[in-house]
Amino acid sequence: MRCITLFLVLLCLIDLSLCQDELVISTPVESVRYVNDSGLRVLIDQMEDSEQFMFVKFKASWCPFSQQLTTIFEAVAESFPNITFASIDASRHTSLNYRYDISTFPKLVLFRGNGSIYTYRNQSRTFRGIQHYLTNITGMQPIAVTEPEVPPLRLSEETDYFWFFSVAFVVLVPGTKLLLKYFNS
């Protein structure tokens, strides 16, 4: 029982250290706002009852496809200055995932101030493909921006502490029960 309690306490401490709650996180590219769930809610509320558009990338920091799409997303953001672009790490800030049907990463969603929501379902996540999609939905023409060089797909180099704790839990808990049963008999 102590082992389970210790495991749960360690998971809570790790989870608390990962979830810092800033409203809006600074961004290296001014055309994209990196936000958390409450920051995204604020942006959506600000555009309510208007004809404005906001294009949001729901990503996961551990997902190599999300990392690869970042360069393209930032370049598309520069080519549409009249559209608000935002990015949220939906694997860390999960409160909006059910509401907007976020079950895979990355997911691109276009919000309109009047409440309309358009999900980018085209599998071609290229610079030209996303520009074409935004032009079709919004009617806006992109300004001339150089197409970015897409970085090669690479696996995340972060350490997955939850995996290590899960393996330790699976190995230690049943083993502890067997040892207790052996010594008590």
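The values are calculated or read from the model by the stated rules, or taken from the named source; none is laboratory data. All figures in this text were calculated on a predicted structure; none of them were measured in a lab. Note: ideal-geometry Cβ built from the backbone for every residue, glycine included; neighbour counts use all protein chains shown.
Looking only at the stretch 89-110, how many residues end up being over 17 Å from residue 72 (Cβ atoms), in contact (Cβ under 8 Å) with a residue 12 or more places away in the chain and not small (Gly, Ala, Ser)? So the count comes out to 9. Just one of the listed residues (112, 121) is modelled with pLDDT under 90, among the basic types (Lys, Arg) and either touching a Lys or Arg at 6+ places or on another chain (Cβ under 6 Å) or surrounded by fewer than 18 Cβ atoms within 10 Å (Cβ to Cβ) (or both), namely 121.
Residues of the stretch 43-83 that are of a type in the set (A, V, I, L, M), over 17 Å from the mean Cα position of the chain (by Cα) and outside any helix (DSSP H, G or I): 47, 83. Filtered by the rule that a residue be of a type in the set (Ser, Thr, Tyr), surrounded by fewer than 15 Cβ atoms within 10 Å (Cβ to Cβ) and closer than 18 Å to residue 122 by Cα, the stretch 132-150 gives a lone residue, 135. Look through 101, 89 and report the one residue that is among the acidic types (Asp, Glu), exposed (fewer than 15 other Cβ atoms within 10 Å of the Cβ) and out of contact with any His (no Cβ under 9 Å at 6 or more places or on another chain). Residue meeting the stated conditions: 101.
The number of residues in the stretch 58-113 being among the hydroxyl-bearing types (Ser, Thr, Tyr) and under 25 Å from residue 139 (Cβ atoms) comes to 4.
Looking for whichever is modelled with pLDDT under 95, part of a helix (DSSP H, G or I) and not β-branched (Val, Ile, Thr) here; the options are 96, 40. Which one fits?
Numbers: 96 fails: part of a helix (DSSP H, G or I).
Going through 96, 40 in turn, just one is modelled with pLDDT under 95, part of a helix (DSSP H, G or I) and not β-branched (Val, Ile, Thr): 40.
For residues in the stretch 118-155 being in contact with a helix residue (DSSP H, G or I) (Cβ under 8 Å, 6 or more places away or on another chain) and not in a loop (DSSP other than H, G, I, E, B), which is nearest to residue 44 (Cα to Cα)? In this case the residue turns out to be 118.
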